[in-house]
Structure formats: structure tokens, C-alpha cells
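Beneath this line is the structure, given in C-alpha cells, with notes to follow.
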Amino acid sequence: MSTSGNSIIGAPIQRIEGSLKVTGAARYAVDHPMDNIAFGVPVASTVGNARIARIDTSIAQRMPGVLTIIHHGNTDQLFRPAGQLEQSSRAGEVRPPFEDDKVYYYGQYVAVVVANTFEQAQDAAAKVKVQYETQPNVVEIADAPPPQGPPRIHYARGNADPAFESAPVKIDETYVLPPETHNPMEMHATIAKWEGEKVILYESSQGVVNHQHVLSEMLGIPVDQVQVLSPFCGSGFGGKLFPWPHSLVAAMAAKRVNRPVKFVVPRALMFTAVGHRPLTQQRMRIGATQDGKLLSIHHDVFQPTSMVDTYVEAATGVTTMLYSCENLTANQTLVPMNIGTPTPMRGPGIVPGLFPLESAMDELAIKLNLDPLELRLKNYAEQDESFSPVRPFSSKHLRECYQIGAEKFGWSKRTPQVGSMKSGDEILGWGMATATWHASRGSATVRVRLNADGTARATCATQDIGTGTYTIFAQVVSEKTGIPIDKIEVVLGDSSLPDGPTSGGSTVTATILPAVSAATNGAIDRVIAAAQTMPSSPFKRAGAGGDPPKLIMTAGRIHVADQPPESGIPFQEVLAQHRLAALEMESRTAPDPTTSRQFSGHSFGAQFIEVAWDPGIARMRVSRALTVIDAGKIINHRTGRNQILGAVVMGIGMALFEETIYDKRNAKPLNNNFADYIVSTNADIPDLDCIFVEYPDLHLNEYGARGIGEIGLAGIASAVTMAVYHATGVRVRKLPVRIEDLIAGQQMTA
Amino acid sequence: MQVFRYSQARTVDGAVENVARSGGAFIAGGTTLVDLMKLNVLQPTSVVDINGLPLDRIETLPGGGLRIGALVRNSDLAWNDTVRQQYAVLSEALLSGASPQLRNMATTGGNLLQKTRCYYFRDTNYACNKRQPGSGCAALDGFNRIHAVLGGSEHCVATHPSDMAVAMMALEATVHTQGPKGERAITLDDFYLVPGSTPDRENVLVPGELITHVTLPALPSGTRSVYLKLRDRQQYEFALASSAIVVNVNGGSIQRARIAFGGVGTKPWRSREAEKALEGQPASPETFRRAADAAMASAKPLKYNAFKIELAKRALIRNLEQTTQAA
Ligand SMILES: Cc1cc2nc3c(=O)[nH]c(=O)nc-3n(C[C@H](O)[C@H](O)[C@H](O)COP(=O)(O)OP(=O)(O)OC[C@H]3O[C@@H](n4cnc5c(N)ncnc54)[C@H](O)[C@@H]3O)c2cc1C
């Protein structure tokens, strides 16, 4: 189902910057060569809650190559971000580094050593002595003082309490998702360089414009004196949405030593100083009729945040809209602890929120002896009931996702008894879950330039974090102009370009498409106007009614609308005749506020998982994973598929492996390296499949495209634990699924 | 990492003399040493590179058996034809370890001497008797899921993490060294020490003593051997429990068995108890279960690792099931 005659929209085009990446020519944050660069290495706290009694830099200061050591006792002034007051920016952590002598979490920067070489800085950093006056740490909810005041999020419709009490069938369980750490391959890093009063920051960022604003606020300099560059980003998963303290440290250090300063966050500090997905402890109560109609839902969440920030992992939102249920109450309470500030991680809110909801739905299906898929169809939400009055969905085809997925997966062959399905010596378990993600867009400005040499250039201060954004820009310009992809240059990741969106919330594609389209059309119109007015224009002869003929641009040529492209002339000839270097257009587009109030925009999906369980050696593997997604028109099937499958890989890790483990004694994330914090490896991943049902969501943009960066993760963990239950009879309500849980379950049933 | 002196050894004698004198460290693949130097856990003032020494050959011994140079890379050893055909357990153990990149660097000598992955050993802010004798053990009341259930003491419960050494233990390997006082040969079982009250002493090497090679005895014909490693994910993770077995079965009865475990012991763990429970017995599920129970009879679980006992038993039983089936 295509909305466009031109096949380049939707085609599986390779990333246009792909060859730069595979040849190593792409420059990531710290790859930018720089004369006279100095290196910053942090000294980080080794306790979770303390006052710094003394910092002794006397030895370190005298070591070879050391230029300066900055800490709370000698820091330059930094400021807090304007945040809510201006609403134009957001920092990862509002507390500027070295603000005072307090330590709020393990791995907080307490000093930075700047030296001529990385090795010298590292050597000296190990010789900085810090004395702490420590206080007890809180890293577990049970150890925190009981939260005061009303919950941070409260939602209610109908009357959930009596409906639950009187419900004939009840589920009441608590689910725990552990803290998770993003761990992109490319560490967070900054090169800061001052040119007079202006600072230039080379970053690995998901939002160069936001970063520019936050740094301006926190350094206390005008926004036009900050430039942020992030042409490539070795992935972010949400961790690089907002600036973290190291960027300020680098900027301050560079100013002090009057040289560019490079600062790479070491892998160990990726677990503390740059955000993480917080733990959530979620109680889910569901009341239903004997035939499976939901009567009441309570969703109650406890979630840690840091001592310095109020981060909300909005886990209850998805519960309010996913199924039809008249009576629903949701509460979320925050618990400040001695941890680094949490931050969005792929699928924030919805991914953790779906786990208890979808798990409880499965537990309900088992209690009612209903097929889990049938239970979901019984409670299908035709409208978004979270709004009052309810809102229609802009485009929802979840039923079709369930159906296609079930067919392709072979769901009807499922026998519900635990351990009843076998393959050789292994027991198979099947699970399925619903996935969803918001569909929304923001505003963006894009400039498109048509050059006299026959090339085009599109620019915008958004960025490509590995998802394929560069390529989508080129696809739209190519579709509108007919200029081949390889003649289109796309420049992103520079805050000095026209304002673009942050790469977050799966919104970039829906946001930039209208702006690229408008700017390209605008530039084409200008070339057409030029074609009509050029001295020897072949298009001057009158059309019907005496008006000039309607001109269009196809295959890079300007021609009369009802005649073939070959009848016209290449656009570069038009520019040449006017002696113009180029014609360009800058367009800003924004969502229509009325549509976004009329409709509820969501993508949907159905995810099916098979696990293979070898009971003899307690080995659990995912052996099949199928995802069917309803996310509007897919602009690029190669990068689109890659997003979904990548998210599924991450989901398998979330279900089976990932957990940041804090030591209660000093608040340290114990497994703070790539060997001990385990994620999926290739050997853990079976063949994956993904199918798109493509119904363009034309309320969002002319192509009907939505974002797809996060939805692929949404249902995996719950589908895996369902499959694990189906294979073993062990219900895992605390992720990840661990061998010891499975063995304990076997020993109980034996 | 701290400043250190670096030199390249040209001869075995020179390497030994240098390290004995300087108190420094040999560096082979560097995958353990450099890692721990970066964490300031090891801080040698002098590092002697032995990669230029002629210790990188795999040779068949005249009377049968194999001689493996200390500098043979883990990948080369794993893919060696003789190893794959005659000592399958060793090839499988090597290939289950680390990652291809690490195996390309890691050497036979370095692998035997790799350090524990105990979180508390690897962080100088924690008490650790192995790293700093007398400072205490943060693992005992810490998160000890990956720690040992066999061979621990109140001073240390860190596992020896090598897979290769577990296979070599079941193959009854001998370590050959050259030290300041000359050459010696030590059976692998005697080579490693349990922590007791001196967990900093992990083996019998003296300062400057260099591993030159390892020998494996010839195996009786009809020997079967296999390695099974159980862990959270399928690759690139140390064992939670692993089993190496080398067995001969004749007419349904087990003639000879050599049994070793990884991931559960403070050293690569040879189980003579299991061997005794197997030898001369019929290859039956009951025998396997008895051997597994015997192997773990003295196991002492900590707060988070009791499941390892069961996991190790299952690894052994599965290996026995597979190797004793009629071919
Ligand atoms: C992330 C990661 C994952 C890993 N996973 C696994 C795994 O799953 N299974 C596994 O078994 N291993 C694993 N390893 C460990 C790996 O196998 C060892 O690091 C490697 O075998 C060490 O060999 P090397 O040559 O690099 O040793 P080096 O680092 O060079 O040396 C190690 C030690 O031995 C000493 N030494 C080296 N050679 C000699 C010699 N000939 N004589 C005397 N002393 C010597 C050195 O001084 C040093 O103290 C992993 C390592 C890492 C970093």
C-alpha cells in the first residue's frame, strides 16, 4: 500500500553515509583532529552519600604534564539550567559538576585532571586523594524513608476499588524491572574548544539544539556563543538525549587551560554519570468477569530517582489506553535514592509499563483458561479511553497485527498446558504480547538547496544517531526532484543549522518529513519561477486561458506538467541561465494542534516469542521471534526493519540478561563493564522476522509515516516470560529471567 | 595505570633473570595483565614482553602426548588438528572462552595464570585478601553469585575462571617451567593452590619462574572427552558452572574417568570423588547421579550461588550421558 508513485519512498535504500562508517572515515565525537589538545580525566566518587572533607591534589598537581585540576574548591561558576522556566531545554542532571562539597551518588565527578596526554591525566587522577565524611546509602526502595505527599502521577476513571472488590476473577501481583544501563558502543564524549567568547563542542548527542541551549544556560553565556556538533553518534538509546556533566567539565577545563580539551566518559562511569533506566516496582491488580472482560485495573508504581533530579519513568500511561476497561486507577510514586539521575532509555515509560500489564493479562488468561490472544481481542480498545471524552485513534490496525502474526507464527497449533510442546529433547514455550508507542511529531526547520551543478543539499540541526535519518532526508529530496540519491548531500548534527528536533521518542521521521517536503517543494517552486522568467524560456508560450503552462520538476528536469520530462530542461540549466549558484528554500513545519487534540496517535504491534528449554541443563534460549508492526508508512524498509529487529535483540537482553547491580555498601554499580553487564550476543539471537502492515497515518504527515525506533522493544520481555512460563511453569515477575529461578521452579514441581 | 618500564626478552634465560631481578611481570597476550593494570589492581614497575621467545609451537611427543608452547595462542590451540581429534575437550573449552578477539591474543601460559573476575578483587576500593592480604573479603557478604562453592575459605571465595585449565585438569596436564633455580615439571593439580589463609598465592610459581610449555599425556584409544559450559548467555561470559570429562567406556561400564569442573571452584576443580563413583560402574543414570552428588558433597553455598551446585551436577550428568552412549 503506497501513497507515492515514486518507489524511492519505502525502498530499502542503503544508508547514504554507510561507506564512511564501514571505512572508518566517519568522525565521531573524539575523532575530530585538533591541534594542541589536552585531555581531561575525571576523579569520581567511590561512595554514594557523603560530604567531601578534603581533596589533596598536591602530588597530582606536580606530576608531569598536568595542567590543572578542577574541583568544588576551585571551580569556575556554573549555573543551573532554566528547565521548566523556559521550557526550551532539558539537562540530564540539573546539578552542575563541582557545585558544592556534596556527593549524591557513586561515580559522581569530584574532580577533573587536565594534562598534556591522556596517560598523564590518568596517572595523576589516580593520585588525587579524596576524604569523605560518609552517610548511609539508600540504593534499595526498602531502605528509603516512606515517600511523602501525593503520588507523582495519578490517574483515575470510573471507580476501580469497588469494581475490583466485586470482580469474580482477580489478579494481584507485583512485578519488578531492574535498573538497566544504556551502554551504546560509543561512549559519551566531548571535545570542547573555545574561539574567543564562543565555545564549540564536539559531542555524541541525540539533540544538538537542546545541548546548545543547556550549555548556554549552565555556562552562563548567550546561546549564539555555543555551537554543538554531532555529525555521527555511535548510538544513544536515550542516554544521549540530554547533556550530562562531562560536557560542562570539558567546556570549563578548555577555558581554563586555553586549549581544546577532550573528555571521554570511561565505560565504568557510563553506569553512573550519564543516566540509566531506573528500577520500577509495579503492582498490578486486575478484576475481570468469568468470560474475560476487564472490569477494573489498578497499576501502582514505585520508582527510584536521584537525590538531585526528579526523573519520572511514566510507566502507568500505557495501562490507561491499551485495553478497554471502565474502571482504572494508576499511581506512580518516586523514591529519591543515592543513584545517578535516571534518564529515558529506549521505550521509556511504555516498555517498563507494558511488562506488568501484559504479564498480568497472561496470568489472567491462564486463570480463565482462555487463549491469551483471545483475551486481548475481547478487551480490544476501539478508542483511546484514557481521554475524557474518549478519542478515536488516528489509525489503528492492531487486530490485523494479531491476526497476521498468529498465522505466520502458527499460534493455532499452541497447546496451552505447561511443557506440552516439544522439539527433540527440548521443550518449547510460546508467548505473545501487544506492543505500542506514541505517534507524534514536533516542529522542524529544514533548508534545501538546489545547486547549479545538478546536486542538492539538505540541512537541519537534527542528527542521525544510527537510525537512518540522513537517508530519509535524501529520499524525500530525491522523490520530489528526481535528483539521484548519490547527488544529494545531507548535513545534520550541527546546532548552527536550521532548528531541528531531538532524536527521541521515535518522532524524528514524522517531524522532519513535512519540513523536508515543504523546503524541497519551495526550492522547486523557485526554480520553476526562474524557468518561467529566464530570458530564453521555452515555457513562455501561453497555456490554456492565456496563463503560462503549469511546470513541474521530474527526474531533475523542469517541464510542462502534462508533457514528459524529456520535453523540458535540466534544472541546472535554469540556474545557469540566471547565473545563479543555487536556489534554496527554508521551511518550518509544525503539527496541527487541532488534529492532535481530535485524535489519539499510537503505533501498535504484536510480538510472538518461542523459547527452547533444555530442562536437563536448565538452559533457556529464545528460538523464534516474530514482530508485526502497524506504524504507518515505512519510509525505508532497510533501516526500518533494522530498527525493529535491533529493538527485539535489546528486548531479549532485557528479558534474559540485563540488570545493573548496586552494592548496598557503597552504592556502586558492581557490574560496571562490558564483560559483567551482559547483553545479547549474536549466539543468543535466533532468526528474527518483522512484518509491517502499512496503513499510512495521514493525520501525521503527507506520507503517513510514524517513528519506529522504540516500539520493537515494547512487548518482548513480557512475551518471553510468558513463553518461559509455558515451557517451565515458572512465572518470572522480576527481570531478568535467571537460571536460579528456573532451577528453583523445577525443584518445587519435582 | 601507573608508569612502568617495558622491555622485550630475547631468550628464556634473559626473561627469567630480568623478572627475578626486577620483581616485574611477564606479558604474553596481555589480556589479563593490561586489563588489571588499567584498574590499578596490578601495578608492576617493569613489564617483560615474552612474545619474541620461541615458545609458540605445538608438537606431538615421541611416545604420544602433546607439547604445547606457553605462547601458543588460544585460537591456534583450539583449531589445531591433533587437539580437535584427540583432545576434543580442550578445543571445546578454549572455544567456549572469551571472544574470538581475546582468543587470538590470549596464550596458553597466560590463560593458566589469568586472574579471577571477582568484582571486589578488580576494584581497589574494596577489601580483598587476594589483592591485599589481611584486608578482608568483600565478597563474603557481597553479591557472590559468581563465586566459588568449592575450595573457598573465610579469606577468599573467588573462582578461578579459566575454561582451558579445566579441560587440562581432566587431561592430567603437566606444567613445565624454568625459574631462577632451573627447570621443573608440576602436575596441573599441584600447580594451583586453594586460597586457605593465603589467597594471594594462587600457584606454586616463584618470582621470575616462566611457564615454558604444557604437556598432555597420550590417551588410551577409545577415549571420549567433552566440555560443557553453562552460563546466562551463550557466548562471551565466564562459566557459572562447567564440566570437562575424559572417559573410557567398555561394554557399558566405565573403565576410566577424569572429571573436572569450572566456575565453581577456587581453582580448576578436579573431582576424584566423582571419578571414584564412576570407575568400574555401569554407565547408568544412577551412576551419573551418584558421581554428581559425590563431586558436590563438600560444596558450600554462599548467599547467592547455591544454584551453582545443581548446575554443576547437571553439566556433569549431561556430559556423561553424551559420552557414554554407544557411538
Ligand atoms: C572480557 C574477557 C572475557 C573473558 N572470558 C573468558 C572466558 O570465558 N573463559 C576463559 O577461560 N577466559 C576468559 N578470559 C580470560 C582470558 O582467557 C585470559 O585473559 C587470557 O587467557 C590470558 O592470556 P594472556 O596471554 O593474554 O595473558 P597475559 O595477560 O599476558 O598474562 C596473564 C598473567 O600471566 C603471566 N604470564 C603470562 N605468560 C606467562 C608465562 N609464560 N609464564 C609465567 N607467567 C606468565 C602474566 O605476567 C600475567 O600475570 C576473558 C578475558 C576477558 C578480558
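Of the residues in the stretch A:136-156, not one is farther than 27 Å from A:ASP56 by Cα, surrounded by fewer than 21 Cβ atoms within 10 Å (Cβ to Cβ), within 26 Å of the chain's Cα centre (by Cα) and at pLDDT below 95.
Residue check: is B:ALA257 surrounded by fewer than 16 Cβ atoms within 10 Å (Cβ to Cβ), in contact with an Asp or Glu (Cβ under 7 Å, 6 or more places away or on another chain) and over 24 Å from B:GLU237 (Cβ atoms)? Against the criterion (surrounded by fewer than 16 Cβ atoms within 10 Å (Cβ to Cβ), in contact with an Asp or Glu (Cβ under 7 Å, 6 or more places away or on another chain) and over 24 Å from B:GLU237 (Cβ atoms)), B:ALA257 does not qualify.
Screening the stretch A:97-108 for residues that are surrounded by 22 or more Cβ atoms within 10 Å (Cβ to Cβ) and part of a loop (DSSP other than H, G, I, E, B) and picking the one that is farthest from the chain's Cα centre (by Cα) gives A:PHE98.
For the criterion of being surrounded by 24 or more Cβ atoms within 10 Å (Cβ to Cβ) and within 13 Å of the ligand (Cβ to nearest atom), B:ALA167 passes.
Looking only at residues in the stretch A:581-593 that are surrounded by fewer than 17 Cβ atoms within 10 Å (Cβ to Cβ) and in a loop (DSSP other than H, G, I, E, B), which one is nearest to the chain's Cα centre (by Cα)? Can you show your working first?
Keep residues of the stretch A:581-593 that are surrounded by fewer than 17 Cβ atoms within 10 Å (Cβ to Cβ), which gives A:581, A:588, A:590, A:592-593.
Filter once more, keeping what is in a loop (DSSP other than H, G, I, E, B): A:581, A:590, A:592.
On the way: A:ALA581: 39, A:ALA590: 21, A:ASP592: 24 Å.
Checking each candidate, the answer is A:ALA590.
Quick one: is B:SER75 of a type in the set (S, T, N, Q), out of contact with any Ser or Thr (no Cβ under 7 Å at 6 or more places or on another chain) and within 14 Å of the ligand (Cβ to nearest atom)? So that I can check it myself, show each step before the final result.
Working: of a type in the set (S, T, N, Q): yes; out of contact with any Ser or Thr (no Cβ under 7 Å at 6 or more places or on another chain): yes; within 14 Å of the ligand (Cβ to nearest atom): yes.
Answer is yes for this residue.
So which pairs qualify, if the first residue must be in the stretch A:649-670 and at the interface with chain B (Cβ under 10 Å from one of its Cβ atoms), the second must be basic (Lys, Arg) and surrounded by 22 or more Cβ atoms within 10 Å (Cβ to Cβ), the Cβ gap must be under 7 Å, and the two must be at least 6 apart or on different chains? Matching pairs, first to second residue: A:TYR662/A:LYS668.
Taking the listed residues A:ALA91, A:ALA121, the one that is crowded, with 20+ Cβ neighbours inside 10 Å, of a type in the set (A, V, I, L, M), touching a residue at least 24 places away in the same chain (Cβ under 8 Å) and within 14 Å of another protein chain (Cβ to nearest Cβ) is A:ALA121, with no other qualifying.
For the condition within 12 Å of another protein chain (Cβ to nearest Cβ), away from the ligand (no atom under 13 Å from the Cβ) and not β-branched (Val, Ile, Thr), what is the one hit in B:SER271, B:SER243, B:SER253? Lay out the reasoning, then the answer.
Numbers: B:SER271 fails: within 12 Å of another protein chain (Cβ to nearest Cβ); B:SER253 fails: within 12 Å of another protein chain (Cβ to nearest Cβ).
Selected residue: B:SER243, the only one of B:SER271, B:SER243, B:SER253 that is within 12 Å of another protein chain (Cβ to nearest Cβ), away from the ligand (no atom under 13 Å from the Cβ) and not β-branched (Val, Ile, Thr).
Only residues that are acidic (Asp, Glu) and buried (at least 24 other Cβ atoms within 10 Å of the Cβ): list them for the stretch A:347-373, please. Once the filter is applied, which keeps residues that are acidic (Asp, Glu) and buried (at least 24 other Cβ atoms within 10 Å of the Cβ), the stretch A:347-373 yields A:GLU358, A:ASP362. Residues in the stretch B:129-164 that are crowded, with 22+ Cβ neighbours inside 10 Å and either free of Cβ contacts under 8 Å to residues at least 12 places away in the same chain or assigned by TED's automatic domain parsing to the domain that holds B:LEU36 (or both): none.
Looking at A:GLN563, A:GLN532, just one residue is free of Cβ contacts under 8 Å to residues at least 40 places away in the same chain, in a loop (DSSP other than H, G, I, E, B) and surrounded by fewer than 16 Cβ atoms within 10 Å (Cβ to Cβ), and that residue is A:GLN563.
Can you go through B:VAL214, B:VAL226 and tell me which one is closer than 21 Å to B:ARG103 by Cα, within 14 Å of another protein chain (Cβ to nearest Cβ) and touching a residue at least 40 places away in the same chain (Cβ under 8 Å)?
Numbers: B:VAL214 fails: within 14 Å of another protein chain (Cβ to nearest Cβ).
The unique qualifying residue is B:VAL226.
Among the residues of the stretch B:215-227, not one is in contact with a Ser or Thr (Cβ under 6 Å, 6 or more places away or on another chain) and surrounded by 22 or more Cβ atoms within 10 Å (Cβ to Cβ). In the stretch A:567-576 there is at least one residue that is in a helix (DSSP H, G or I), surrounded by fewer than 19 Cβ atoms within 10 Å (Cβ to Cβ) and of a type in the set (Ser, Thr, Tyr).
Which residues, counting only those in the stretch B:99-128, are more than 9 Å from the ligand (Cβ to nearest atom), surrounded by fewer than 24 Cβ atoms within 10 Å (Cβ to Cβ) and either within 30 Å of B:ARG67 (Cα to Cα) or more than 14 Å from chain A (Cβ to nearest Cβ) (or both)?
Result: B:PRO100, B:GLN101, B:ASN104.
Looking only at residues in the stretch A:679-718 that are hydroxyl-bearing (Ser, Thr, Tyr) and away from chain B (no Cβ under 14 Å), which one is surrounded by the most Cβ atoms within 10 Å (Cβ to Cβ)?
Of the stretch A:679-718, the ones hydroxyl-bearing (Ser, Thr, Tyr) are A:680-681, A:695, A:703, A:718.
Checking which are away from chain B (no Cβ under 14 Å) leaves us with A:695, A:703, A:718.
On the way: A:TYR695: 16, A:TYR703: 27, A:SER718: 30.
Restricting to residues being hydroxyl-bearing (Ser, Thr, Tyr) and away from chain B (no Cβ under 14 Å), the top hit is A:SER718.
The values are calculated or read from the model by the stated rules, or taken from the named source; none is laboratory data. Please read all numbers here as calculations on a predicted model, not as lab measurements. Ideal geometry is used to build each Cβ from the backbone, glycine not excepted, and the neighbour counts take in all protein chains shown.
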